[in-house]
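Engineer: Got a structure here, written out as structure tokens. Questions coming.
Read-outs: derived from the displayed coordinates by stated rules, not from any lab. Small disclaimer: the values here were computed from a predicted structure and weren't measured. So basically every Cβ, Gly included, is an ideal-geometry build from the backbone, and we count neighbours across all protein chains shown.
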Amino acid sequence: MTEPLALGVLVSGSGSNLQAFLDAIAQTRLNANCKVVVSNRPDVHALARAERALVPTQVIDHKRFKSREEFDAELVHTLRAHGVEWVALAGFMRVLTPTFLDAFADRVVNIHPSLLPAFPGVDAQAQAWEYGVRVTGCTVHFVDIGVDSGPIILQKTVPVGALDTKEDLRQRILEQEHVAFVEALELIAQGRIARQPGSRRIAVTEPGKG
Ligand code: GRF
């Protein structure tokens, strides 16, 4: 049995992806220890979810800081103080700077509600619906300095029905996000994500061969 993943989770809102991690950890489907949940916004539901699971929480309001770098430095300080080694962005609505990404180099993962590289940025589900695609989905990827541009770990597809509303689509994608994000974190916990220097391609190794 490998060591549990020392996970920090950054949130800004409802926290349903966070809930998926907490449930998977409780059910031993995910070998991780959620060390702290940090929100840039006070009073969001994600904080209540963490508290219910007895996970430490912290609010770091980005509006208190003069620059993105100062905000990011405070995030790094807090995550390190809680012994975090890997960071999951679970509905975290801030763009991170190198101050943060260099501190957790190649250890920050995000979920995006489209099949990247299609529909990066905000409201990807509505972008896909309005474009009229027949298949969309979600992507778990490493975070780099671009917006939704880092190397892809895994993707799940979601078909778009002719009668689907934007809200139907958003809901079905969210259900797949919960599956995909837990699966990706468990692959990381098992040491099965192999990155090749100089390439964005990621190999997933067989269990026990990482
Ligand atoms: C998800 O759709 C995620 O892909 C996007 O924000 C939403 C967060 O949902 N970045 P939740 O806070 O995990 O419920």
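Engineer: With r defined as the distance between the Cβ atoms of THR165 and LEU54 and R0 fixed at 35 Å, what FRET efficiency is calculated, to the nearest 0.05?
Structural biologist: Computed FRET efficiency for THR165 and LEU54 comes out at 0.40.
Engineer: Which residue fluctuates most in the GNM of the chain (Cα springs below 10 Å): ALA180, ALA81, ALA73?
Structural biologist: ALA81
Engineer: For an R0 of 22 angstrom, estimate the FRET efficiency from the Cβ-Cβ distance between LYS66 and ALA105 and round to the nearest 0.05.
Structural biologist: Details: r = 25 Å, r/R0 = 1.13.
Computed FRET efficiency for LYS66 and ALA105: 0.30.
Engineer: If you average the C-alpha positions of the stretch 62-123 and of the stretch 8-22 separately, how far apart do those two centres end up, in angstrom?
Structural biologist: Result: 13 Å between the Cα centres.
Engineer: Mind counting lysine pairs for me in the chain? Cα separation below 30 Å, and the two need to be 8 or more apart along the chain or on different chains.
Structural biologist: Lysine pairs satisfying the spacing and distance rule in the chain number 6.
Engineer: Still on this model: When only C-alpha pairs under 8 Å and at least 6 residues apart count, what is the relative contact order of the chain, in percent? Show your work: numbers first, answer last.
Structural biologist: Numbers: 400 pairs, mean separation 39.9, N = 210.
Relative contact order, the chain: 19 percent.
Engineer: Quick one: what are the phi-derived ³J(HN,Hα) couplings along the stretch 4-15, Karplus 6.51/-1.76/1.60 with θ = phi - 60°, whole Hz, x for glycine and proline?
Structural biologist: Each residue's phi maps through the Karplus curve to give x, 5, 7, 9, x, 10, 9, 9, 9, x, 5, x Hz.
Engineer: Between GLU206 and ALA118, what is the FRET efficiency for a Förster distance of 30 Å, r being their Cβ-Cβ separation, to the nearest 0.05?
Structural biologist: 0.50
Engineer: Expected output is a single nm value to one decimal: the length gained when fully extending between MET93 and ILE145, i.e. 0.36 nm times separation in residues minus the C-alpha distance. What is it?
Structural biologist: 17.3 nm
Engineer: For GLN27 and SER199, compute 0.36 nm times the residue count separating them, minus their Cα-Cα distance, and round to one decimal in nm.
Structural biologist: Taking GLN27 through SER199 to full extension adds about 58.4 nm, to one decimal.
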